[in-house]
């Protein structure tokens, strides 16, 4: 049986390797990153802002459920994190790490639910509608969190330094939207073109962050 010339086989393999490398580089060049600095009305860095990119003129990619639910913890008598952002269809699990029971309820158009949680966690809750859900604990009035649901897979929450980075965003035209839990106003919207090198974006809200209600001191709170 003829197997061909060894030199030609090596040449073909080298050509295929070069072609594969070129395709990988081409794919990498078609995606960029969005980096933004979020500021409040006074120009100071603002944390807990939800920043997300919505493509203009192109469809959203199909939703793929994460391998594990996104977790919202009840820990040290607080919800952690304070702001969670998920894509529509994502399951969220509430995990109680406190020795106390919590009575959790949500308000808002995105998802409403109510349950008590102690040592065992209820089944994950699927957030199947875009919008914001305010989550509270009836037993501990200072406990509050936000779960913000968006239809796009490109999102992030700003840190205390106001910085946010969204990686692997395909090149193209987008609406960059910004939402913050301390305002009832609709999300800010700005036009953005994502490329291999996208300039730093500045997002400035027209309000100052509100002071959150703090939990009682250890000496002043004895639990249930």
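Overview of results
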read-out: Strands (runs of 3 or more DSSP E) fully within region 145-224 counting 3 or more residues that are within 20 Å of the chain's Cα centre (by Cα) and farther than 29 Å from residue 95 by Cβ; value: 172-179, 188-194, 201-204
read-out: So residue 189, is it without any contact (Cβ under 8 Å) to a residue 24 or more places away in the chain and farther than 12 Å from residue 38 by Cβ; value: yes
read-out: Region 20-57, subset at pLDDT 95 or above and over 19 Å from the mean Cα position of the chain (by Cα), residue surrounded by the most Cβ atoms within 10 Å (Cβ to Cβ); value: 40
read-out: Some residue of region 80-87 being closer than 25 Å to residue 204 by Cβ, assigned to a loop (DSSP other than H, G, I, E, B) and in contact with a strand residue (DSSP E or B) (Cβ under 7 Å, 6 or more places away or on another chain); value: yes
read-out: Test result for residue 67, within 19 Å of the chain's Cα centre (by Cα), closer than 26 Å to residue 168 by Cβ and at pLDDT 95 or above; value: no
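Listed here are the residues, each with its yes/no results for (1) more than 24 Å from residue 46 (Cα to Cα); (2) surrounded by fewer than 17 Cβ atoms within 10 Å (Cβ to Cβ).
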{"position": "117", "(1), (2)": "yes, no"}
{"position": "141", "(1), (2)": "yes, yes"}
{"position": "159", "(1), (2)": "no, yes"}
{"position": "162", "(1), (2)": "no, no"}
{"position": "175", "(1), (2)": "no, yes"}
{"position": "187", "(1), (2)": "no, no"}
{"position": "205", "(1), (2)": "no, no"}
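The values are calculated or read from the model by the stated rules, or taken from the named source; none is laboratory data. Keep in mind that this is a model prediction, so the values were computed, not measured. Glycine also receives a Cβ, built like all others from the backbone with ideal geometry; neighbour counts cover every protein chain displayed.
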